[in-house]
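The values are calculated or read from the model by the stated rules, or taken from the named source; none is laboratory data. Quick caveat, the model's predicted, so the values are computed rather than measured. Counting neighbours? That spans all protein chains shown, and the Cβs are built from the backbone with ideal geometry, glycine included.
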Amino acid sequence: MAHPKKERTLVILKPDSVQRSLVGEILSRFERTGLKFVAIKFFVPEAEKAWIHYGKDDAWFLKKGEKIVENLKNNNLPVEKEPIEYGKDIIQGCVNLFTCGPALGLVIEGNQSVAVVKKLVGGTEPTTSDVGTIRGDFTIDSYEIANIDNRAVRNLVHCSDSPEEAEREIKIWFDEDELIKYRLIQEEILYDVNIDGILE
């Protein structure tokens, strides 16, 4: 098992981050924590990889779709397809956003990197994300308007939910030889046990 300071997480700055010229601001927030970038790639995500990335199965599609059908019926709106298809539409919307233009993929390493990045990014819905988070500070999208417009929430950033999920997701977007192993000088003050290399 790797040392906790070697924990890695995947971050993708979605096309809405790139189009709104927020890349530098977002990267600086991660960098200031002391986390380390071990891979950065500017690319247009492919739909096939995006579907694998979201990793949902028919049971998930059906469960979500049944909830949508129930909401439609409760609001006296027509049900036009099977529940599973409504469930697939959720991920299709996410894939449409993910693949609509260039994105910036990052692998970030450091102690509790998954938890630290999730804290910085904020909750999934921007309008309810805390002030001080990336989503809370830089966008005003909401589930309500996304549902009205039948699209994914434009929340700027994807970040892994757990170390296990990060490991799975990193392999989708990065080859092993794209991950660079190196030492940052600041790691000594963050992790060195004795802190004995500062004074001359």
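Kindly establish whether V44 is β-branched (V, I, T) and modelled with pLDDT under 90. Talk me through it step by step, then tell me what you get.
Values: β-branched (V, I, T): yes; modelled with pLDDT under 90: no.
Judged against the criteria, V44 is not a match.
Being closer than 27 Å to F43 by Cβ, surrounded by fewer than 17 Cβ atoms within 10 Å (Cβ to Cβ) and in contact (Cβ under 8 Å) with a residue 12 or more places away in the chain is the filter; apply it to the range 55-88 and report the residue that is farthest from the chain's Cα centre (by Cα).
Step by step, filter the range 55-88, then rank; the result is W60.
Restricting to the range 170-189, name every residue that is touching a residue at least 12 places away in the same chain (Cβ under 8 Å), over 17 Å from G110 (Cβ atoms) and of a type in the set (D, E).
Selection gives E178 alone.
Please enumerate the residues belonging to the range 2-41 that are touching a Phe, Trp or Tyr at 6+ places or on another chain (Cβ under 7 Å) and at pLDDT below 95.
K5
So which residues in the range 106-145 are among the hydrophobic types (A, V, I, L, M, F, W, C) and either touching a helix residue (DSSP H, G or I) at 6+ places or on another chain (Cβ under 8 Å) or not assigned by TED's automatic domain parsing to the domain that holds P4 (or both)?
Initial filter on the range 106-145 (among the hydrophobic types (A, V, I, L, M, F, W, C)): 106-108, 114-117, 120-121, 131, 134, 138, 140, 145.
Answer for the range 106-145, where residues must be among the hydrophobic types (A, V, I, L, M, F, W, C) and either touching a helix residue (DSSP H, G or I) at 6+ places or on another chain (Cβ under 8 Å) or not assigned by TED's automatic domain parsing to the domain that holds P4 (or both): L106, V107, I108, V114, V117, L120, V121, V131, I134, F138, I140.
What number of residues in the range 175-185 are modelled with pLDDT under 95 and surrounded by 11 or more Cβ atoms within 10 Å (Cβ to Cβ)?
1
Being outside the structural domain of K5 (by TED's automatic domain parsing), farther than 23 Å from W60 by Cβ and assigned to a loop (DSSP other than H, G, I, E, B), is that true of even one residue in the range 78-87?
Yes, the conditions are met somewhere in the range 78-87.
Within the range 92-105, is there a residue that is out of contact with any helix residue (DSSP H, G or I) (no Cβ under 6 Å at 6 or more places or on another chain), part of a loop (DSSP other than H, G, I, E, B) and either assigned by TED's automatic domain parsing to the domain that holds I26 or among the β-branched types (V, I, T) (or both)?
No, every residue in the range 92-105 fails to be out of contact with any helix residue (DSSP H, G or I) (no Cβ under 6 Å at 6 or more places or on another chain), part of a loop (DSSP other than H, G, I, E, B) and either assigned by TED's automatic domain parsing to the domain that holds I26 or among the β-branched types (V, I, T) (or both).
Taking the range 126-149 only, how many residues are at pLDDT 90 or above and outside any helix (DSSP H, G or I)?
Within the range 126-149, residues that are at pLDDT 90 or above and outside any helix (DSSP H, G or I) number 8.
Kindly indicate which of R29, R20 is assigned by TED's automatic domain parsing to the domain that holds W173, farther than 30 Å from P4 by Cβ and charged (D, E, K, R).
It is R20.
Report those helices (runs of 4 or more DSSP H) wholly inside the range 1-67 carrying at least 2 residues which are in contact with a strand residue (DSSP E or B) (Cβ under 9 Å, 6 or more places away or on another chain).
Those helices (runs of 4 or more DSSP H) span 15-19, 23-32.
For the range 158-190, enumerate the residues that are out of contact with any helix residue (DSSP H, G or I) (no Cβ under 7 Å at 6 or more places or on another chain), of a type in the set (V, I, T) and not in a loop (DSSP other than H, G, I, E, B).
Within the range 158-190, I170, I189 meet the criteria.
C94 passes all but one of (1) surrounded by fewer than 19 Cβ atoms within 10 Å (Cβ to Cβ); (2) out of contact with any strand residue (DSSP E or B) (no Cβ under 8 Å at 6 or more places or on another chain); (3) hydrophobic (A, V, I, L, M, F, W, C); which number fails?
(1)
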